[in-house]
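These notes are about the structure you will find just below.
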Amino acid sequence: RVYEQISGLSPSLQFDFVVVGGGTAGNVVANRLTENPKFSVLVIEAGVSNEDVLDSIVPSFLFGLYGATPFDWNFTTVSQPGLNGRALPYARGHLLGGSSSLNAMFYTRGSSEDYDRWSKVTQDPGWSWQSLQSYIRKNELWTEPVDNHDTRNQFDPRVHGFNGINSVSLAGFPRSTDQRVIQVTKELPEEFPFDLDMNDGRPIGLGWLQATIKKGKRSSSATSYLGPQFINRPNLHVLLNTRVTRVLPRQQNDHNALIFDTVEFAPDQGGGPTSRVTVSKEIILSAGVMGSPHILLHSGIGSAADLSAASVQPLLHLPDVGKNLSDQPALFNTWSVNSTDTPDEINRNATLQQEVLREWNRTQEGPLGDSPATHIIWSRLDSNASIFTEFEDPSAGPHTPHIELFTSPGFPGAPPPVGNFFSVGMAVVSPQSRGALSWNSSNPFDPPLIDPGLLNSKFDLFAMRAAVRKARRFVAAPAWSGYILQPFGALANVSSEATTDDELDTYIRGTAATSCHAVGTAAMSARNARFGVVDPDLRVKGVRGLRVADASVMPFITSGHTQAPTYFIAERAADLIKSAWE
Ligand SMILES: Cc1cc2nc3c(=O)[nH]c(=O)nc-3n(C[C@H](O)[C@H](O)[C@H](O)COP(=O)(O)OP(=O)(O)OC[C@H]3O[C@@H](n4cnc5c(N)ncnc54)[C@H](O)[C@@H]3O)c2cc1C
């Protein structure tokens, strides 16, 4: 059952588990726990329903979800020294499905070494790439693209799951640039080798993008894990528009351990009275990389000094709550092109957009049904790069990329009034910089202070420079001759062979932003480690009855986009919880 307001929830209902946050991870946990009819679960989600939100259904309408909309938390970061002091908007999903309902839908697992590093740092073999395979497959429902084209040379079925819940697909509408992109792998195979499947654990190379899309529609954790076949389970309850403000312990037991069993919440718009619900088994925080540590801090779990300074009574000194935030700096390089066959025409012409929307409504086919990108190039810095004399390699191993380039026909976001474009987005996917989430108010309705620490490290700046140069070499391949006209905007200042590092730094610091891939603010560590927030079984260290299951538990960011690993974490989390109670 879905309740729009707190008043809809009968006070007589009893729950074994409360899942805080109906986002990417939370809905997985709720789905898997309610497979057992004996477990009753309440999901409490701050945001609105995802139902009938057209911009969340039609993949290429994603840009309509961001900013001052009901669907985005619309956070702002603190000033970023690495970006000339700019403060950035920071999107997070504020609707059922969380960020899976508004992200760019890229499905990338990262490298096998990323997970093996988690396993090493947590001393838990269960987090290794090999061990997670069963969860990867439980999550993935490989789905043929809506146009049913021949996909044999575009992915490797041996590494995919065909019986999971969340749809993953190749693009269902060919782009005029597709063949040129592939042509580059033949013209410059050393630098841009073709890779049949970037999700086989060894992503280095250039391959076709896979995305969480089902036959031309976004597949989010809300449409998949809370889909019609699940949402009517009598033991599954979802409360929307409701913000969790704190979790509270019951009286201390004989051993002095805090046992959390109560969730406090209020209407999301603030101003209303708080209510409470008590669980008989566990509370699972799945409020995401911003929400979960924010709730822990407001509940008195964090650095004791910081808690006292914020006038919150410290319950447990756990200084790493909110620390270790890891994000991937990103920017778009854009070129003008000699073609009118780009999405720019649709994106700036309302009549044309209505026409293709009518086609999409009829068939779910056409240019609206895909993520904006077509291919991704994953690369490492040269092993003899000068930066390695100063820094240890922050990547997880020799098969793990440092940087990513992704190709998108058209202008990124709303296009200028005239012109047609091709863009290469890029990111440092194995960054060295770390930021933090903190607070300066004891009011849980005040937003946290978000510092993604973008480009704080010289390593990340070095990697960004390498990525811009790589993007320039990519579009200089013969395949683009006659198509790419000239660099657009600030890229024009850094497009000659003679461009210096300083000039590149000015471009990068002036234009880079976030990938919105923050993780790590409630990181896992080994059971007896002196750092970290949760144990390898995702229990908050030092207390009982409380786990975290979402992107915030990643001890290191994976070298890709972060929704797929979040799904895998949630699948394993559900199994860990079930095995504790079944
Ligand atoms: C704009 C954008 C684009 C992205 N693109 C991609 C991409 O293409 N591919 C990719 O792999 N990753 C992408 N990501 C990242 C990816 O979506 C996230 O890493 C992942 O979805 C995080 O999942 P989560 O479960 O940790 O958090 P979320 O999915 O954000 O879920 C957290 C949920 O908790 C709710 N919540 C928070 N606080 C409270 C509270 N106090 N009370 C109640 N509910 C609360 C939120 O409303 C939300 O629904 C993108 C992210 C963004 C924002």
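Tabulated values for the structure
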quantity: Selected residue (criterion: nearest to the ligand (Cβ to nearest atom)) from residues of region 544-566 that are under 13 Å from W127 (Cα atoms) and in a helix (DSSP H, G or I); calculated: T566
quantity: Residue among D393, D370 that alone is surrounded by fewer than 23 Cβ atoms within 10 Å (Cβ to Cβ), of a type outside the set (K, R) and either in contact with a helix residue (DSSP H, G or I) (Cβ under 7 Å, 6 or more places away or on another chain) or part of a loop (DSSP other than H, G, I, E, B) (or both); calculated: D393
quantity: Pair list, Cβ < 6 Å and 6+ apart or interchain, from region 33-53 residues that are in contact (Cβ under 8 Å) with a residue 24 or more places away in the chain and of a type in the set (F, W, Y) to residues that are within 16 Å of the ligand (Cβ to nearest atom) and not in a loop (DSSP other than H, G, I, E, B); calculated: F39/L33
quantity: Residue in region 498-509 that is of a type in the set (G, A, S) and at pLDDT below 95 present; calculated: yes
quantity: Condition broken by Q251, with the remaining ones in (1) over 23 Å from Q5 (Cα atoms); (2) within 16 Å of the ligand (Cβ to nearest atom); (3) not in a helix (DSSP H, G or I) satisfied; calculated: (2)
quantity: The one condition in (1) over 14 Å from S176 (Cβ atoms); (2) within 16 Å of the ligand (Cβ to nearest atom); (3) assigned to a loop (DSSP other than H, G, I, E, B) that I376 fails to fulfil; calculated: (3)
quantity: Members of region 62-95 that are in contact with a helix residue (DSSP H, G or I) (Cβ under 7 Å, 6 or more places away or on another chain) and more than 9 Å from the ligand (Cβ to nearest atom); calculated: G64, F71, F75, G82, L83, N84
quantity: Residue in region 307-324 that is more than 25 Å from G453 (Cα to Cα), part of a strand (DSSP E or B) and touching a strand residue (DSSP E or B) at 6+ places or on another chain (Cβ under 8 Å) present; calculated: yes
quantity: Filter result for T262 (polar (S, T, N, Q), more than 16 Å from N443 (Cα to Cα), within 16 Å of the ligand (Cβ to nearest atom) and outside any strand (DSSP E or B)); calculated: no
quantity: Lone qualifier among A518, A512, A522 - being within 28 Å of the chain's Cα centre (by Cα), within 17 Å of K470 (Cα to Cα) and crowded, with 21+ Cβ neighbours inside 10 Å; calculated: A512
quantity: Filtered residues of region 146-169 (kept if crowded, with 21+ Cβ neighbours inside 10 Å and either of a type outside the set (V, I, T) or on the phi > 0 side of the Ramachandran plot (or both)); calculated: F155, N166, S167, S169
quantity: Region 218-246, subset among the β-branched types (V, I, T) and within 10 Å of the ligand (Cβ to nearest atom), residue surrounded by the most Cβ atoms within 10 Å (Cβ to Cβ); calculated: V244
quantity: Selection within region 299-309 - buried (at least 24 other Cβ atoms within 10 Å of the Cβ) and over 17 Å from M524 (Cα atoms); calculated: S299, L307
quantity: Counted residues, region 84-133 - those being under 28 Å from S525 (Cβ atoms), in contact with a Gly (Cβ under 6 Å, 6 or more places away or on another chain), among the hydroxyl-bearing types (S, T, Y) and assigned to a helix (DSSP H, G or I); calculated: 2
quantity: Selected residue [more than 28 Å from D114 (Cα to Cα) and either without any contact (Cβ under 8 Å) to a residue 24 or more places away in the chain or in a helix (DSSP H, G or I) (or both)] from L485, L504; calculated: L504
quantity: Within region 157-236, helices (runs of 4 or more DSSP H) holding 2 or more residues that are hydrophobic (A, V, I, L, M, F, W, C) and in contact (Cβ under 8 Å) with a residue 12 or more places away in the chain; calculated: 178-187, 228-231
quantity: Qualifying residue in region 45-53 (condition: touching a strand residue (DSSP E or B) at 6+ places or on another chain (Cβ under 9 Å), of a type in the set (V, I, T), closer than 23 Å to T245 by Cα and surrounded by 24 or more Cβ atoms within 10 Å (Cβ to Cβ)); calculated: no
quantity: In region 39-61, residue farthest from G510 (Cα to Cα) [restricted to those that are away from the ligand (no atom under 15 Å from the Cβ) and of a type outside the set (F, W, Y)]; calculated: S40
quantity: Qualifying residue in region 525-538 (condition: of a type in the set (S, T, Y), under 24 Å from W129 (Cα atoms) and within 16 Å of the ligand (Cβ to nearest atom)); calculated: no
quantity: Residues (in contact with a helix residue (DSSP H, G or I) (Cβ under 9 Å, 6 or more places away or on another chain) and small (G, A, S)) located in region 154-206; calculated: G161, G164, S167, A171, G201, G205
quantity: Residue check, S481 over 12 Å from N333 (Cα atoms) and either within 16 Å of the ligand (Cβ to nearest atom) or surrounded by 21 or more Cβ atoms within 10 Å (Cβ to Cβ) (or both); calculated: no
quantity: Residue check for G98: modelled with pLDDT of 95 or more, near the ligand (Cβ under 7 Å from one of its atoms), in contact with a strand residue (DSSP E or B) (Cβ under 8 Å, 6 or more places away or on another chain) and closer than 27 Å to G545 by Cβ; calculated: no
quantity: Filtered residue count, region 491-505, keeping only those that are over 28 Å from the mean Cα position of the chain (by Cα) and either within 16 Å of the ligand (Cβ to nearest atom) or not charged (D, E, K, R) (or both); calculated: 8
quantity: Matching residues, region 24-62, being closer than 19 Å to L239 by Cα and among the aromatic types (F, W, Y); calculated: F39
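The values are calculated or read from the model by the stated rules, or taken from the named source; none is laboratory data. Since the model is a prediction, treat every value here as computed from it, not as a measurement. All Cβ positions, even for glycine, are placed from backbone atoms using ideal geometry, and neighbour counts span all protein chains on display.
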